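This report concerns only the one structure given below.
Any read-out appearing in this document is the output of simple, stated calculations on the displayed coordinates, not a laboratory observation. Treat the numbers as computed from the prediction; the structure is a model and nothing was measured. Glycine also receives a Cβ, built like all others from the backbone with ideal geometry; neighbour counts cover every protein chain displayed.
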Amino acid sequence: MSKKGRVMNKYTEKVLNFVKSKNENEKEYIQAVEEVLTSLEPVINEHPEYENLALLERMVEPERLISFRVPYINDEGQVIVHRGYRVQFSSLIGPYKGGLRFHPSVNQSIIKFLGFEQIFKNALTGLPIGGGKGGSDFDPKGKSDNEIMKFCQSFMTELQRHIGKDIDVPAGDIGVGEREIGYLFGQYKRIKDTYEGGVLTGKGLSYGGSLARKEATGFGLIYFMREMLKANGNQTFQGKKVIISGAGNVAIYACQKALEYGADVIAMSDSKGCIYDEKGIDLALIKQIKEEKRARIFEYLKVHPEAKYYENQSEDFPIWAIKADIALPCATQNEITLNSAKKLVANGIIAVGEGANMPCTKEATEYLLANNILVAPAKAANAGGVATSAIEMSQNSMRYYFNFEEVNNKLDDIMVNIFHACQKSALKYNLGNNYVAGANIAAFSKLAKAMKAQGVV
Ligand code: NDP
């Protein structure tokens, strides 16, 4: 039985119990698997043969999980040791592909949840990429450029044994942007003595990066939301009040595209707190504070003293108490709790677009769906980043570059296709506009087909 007393499919329940018992200290990983497995029940009911093939058991067990020591010497001459990870979850439909996260909260559970989600996300893009993820509990905040470079070089000294353009292709994530990718790429090139552009994505434009990669996750989120709003009452962003958590790569470019579409973005945040500017967020200033100065968002008040700043004091972030039409969580996992979801609904929100990975707790998602709020699920809605990474890989192979418009148009087409795939699967199983289940089912159906075709591997 599920928590609510609903009878679960026996096979799904068995696999979920197995995952819980085998990974009992990995709460984020269990959460991600539970969310997927419960939504796959209609497909599993339809395909009893999957149990004999142990399809789900194979899907929830990573092909390989690597953990390694990352020592470096800081500016004070001290030796510091961190732990690095790479989970190579699934190479079913292409080389392992997924970002690297540098954040003190990184542990095996977080890397596995991200790697698991990545398999489904990458399948949705329609491109030949498998699922992987990695990172370290290293915190780049407050470190000098020299320390960041030394750490990245040490991290790559081990990681290089496990990756390659046709094996595993890492990219950025929280705490890993163009600067870190540059240092990682430099070290890879030095050790391997070869220019292998396609081994990392999110590279700088001067040595093999793709135009529009930086913008891709945020822009892609808004393209997906545009389609979702259109399909539900022909709505648009025009004049809608939007709140966006985070002020990093995803949040900034989601904000930029939402503004282009006529939205009124009134709040953004960082890990310390949020800015509420009822006149509309000054994005150029946010970029200056976050991209150029790497400073705290409250510096916004120095230029706009009339704006309000609310500090994060609990797991219920204050940004979700601000009245708006659309909420875009673009910071981190579990940032929308059930309490926050209740506030959003009480304030009349119509749609939530997940730019971050698993930003809503399971209870929050269930509450939003039960209250007829449109939810754009992360696996689908933030897939624009990895899709554009795959386009970067293609350009590296071809030794040819597309211009910005070409990449952006491909990204837009991919997001439209992803939305339609989610919509089609939801309709097929009478799930209405539950795109959360739609995304899981669409991705799983593709993966199940590939798994059956490749035999027991
Ligand atoms: P960045 O590091 O560029 O930005 C992250 C932002 O979120 C920062 O503003 C940061 O605040 C805030 N943040 C991070 N951790 C927390 C926390 N624990 N509580 C509150 N706020 C927090 O990361 P990205 O923009 O690249 O990634 C954001 C999310 O999007 C992640 O979930 C990531 O997995 C997901 N994602 C990213 C993709 C990409 O292409 N970059 C692709 C697909 C998904 P501060 O500035 O204070 O650190």
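Mean projected area of the Cα convex hull of the range 229-347, taken over all directions, amounts to 7.3 nm². Over the Cα atoms of the range 111-159, the radius of gyration divided by the Kirkwood radius equals 1.14; this is the Rg/Rh ratio. Every Cα-Cα pair of the range 6-74 was included, and the share exceeding 18 Å stands at 44 percent. Residue by residue, the range 162-178 carries 3J(HN,Hα) couplings of 10, 10, x, 4, 10, 10, 7, 10, x, 8, x, 6, 4, x, 10, x, 4 Hz when phi is fed to the Karplus relation 6.51 cos²θ - 1.76 cosθ + 1.60 (θ = phi - 60°); x denotes Gly or Pro. Here the 3J(HN,Hα) profile of the range 226-239, calculated from phi with Karplus coefficients 6.51, -1.76 and 1.60 at θ = phi - 60°, is 4, 5, 5, 5, 4, 6, 10, x, 6, 8, 9, 7, 3, x Hz, Gly and Pro shown as x. For GLY98, the residues 5 or more places off, or on other chains, whose built amide H falls under 5 Å of its own are GLY132, VAL169, ALA171. Phi-derived couplings, Karplus 6.51 cos²θ - 1.76 cosθ + 1.60 at θ = phi - 60°, listed residue by residue for the range 112-121: 5, 5, 5, x, 5, 4, 5, 4, 6, 4 Hz, with x used for Gly and Pro. Could you give the distance between the Cα centres of the range 383-457 and the range 263-293, to the whole Å? Each part's Cα centre sits 30 Å from the other's. Over all distinct Cα-Cα pairs of the chain, the Kirkwood formula returns a hydrodynamic radius of 22.2 Å. Among the listed pairs LYS20/LYS141; LYS410/LYS452; LYS240/LYS410; LYS308/LYS362, those whose Cα-Cα separation exceeds 28 Å are LYS20/LYS141; LYS410/LYS452; LYS308/LYS362.
Based on the Stokes-Einstein relation at 25 °C and a viscosity of 0.890 mPa s, and on the Kirkwood radius from alpha carbon pairs, the range 185-239 is assigned a translational diffusion coefficient of 176 µm²/s.
Note on the range 94-234: the alpha carbon radius of gyration divided by the globular reference 2.2 N^0.38 Å gives 1.11. Counting Cα-Cα pairs of the range 401-457 in 10 Å increments starting at 0 gives whole-percent bin shares of 23, 32, 28, 16, 1. Sites listed here are GluC sites (Glu not before Pro) in the range 218-279 whose DSSP assignment is loop and whose Cβ has at most 15 other Cβ atoms within 10 Å: GLU278. Charged neighbours of HIS304, selected by a Cβ distance under 13 Å, balance to -2 (K, R count +1; D, E count -1). Of the GluC sites (Glu not before Pro) found in the range 284-342, the ones in coil according to DSSP and having at most 12 other Cβ atoms within 10 Å of their Cβ are GLU306, GLU315.
Within the range 209-300, the trypsin sites (Lys or Arg not before Pro) that combine a DSSP coil assignment with at most 13 other C-beta atoms in a 10 angstrom radius are LYS272, LYS279, LYS293, ARG294. The charge dipole of the chain, taken about the Cα centre with unit charges on the Cβ atoms of Lys, Arg (+1) and Asp, Glu (-1), comes to about 480 debye, rounded to the nearest 20.
Mean sequence separation of contacting Cα pairs (under 8 Å, at least six apart), scaled by the length of the chain, corresponds to a relative contact order of 14 percent. Reported value for the range 318-436: 115 Å³ per residue, from the convex hull of its C-alpha atoms.
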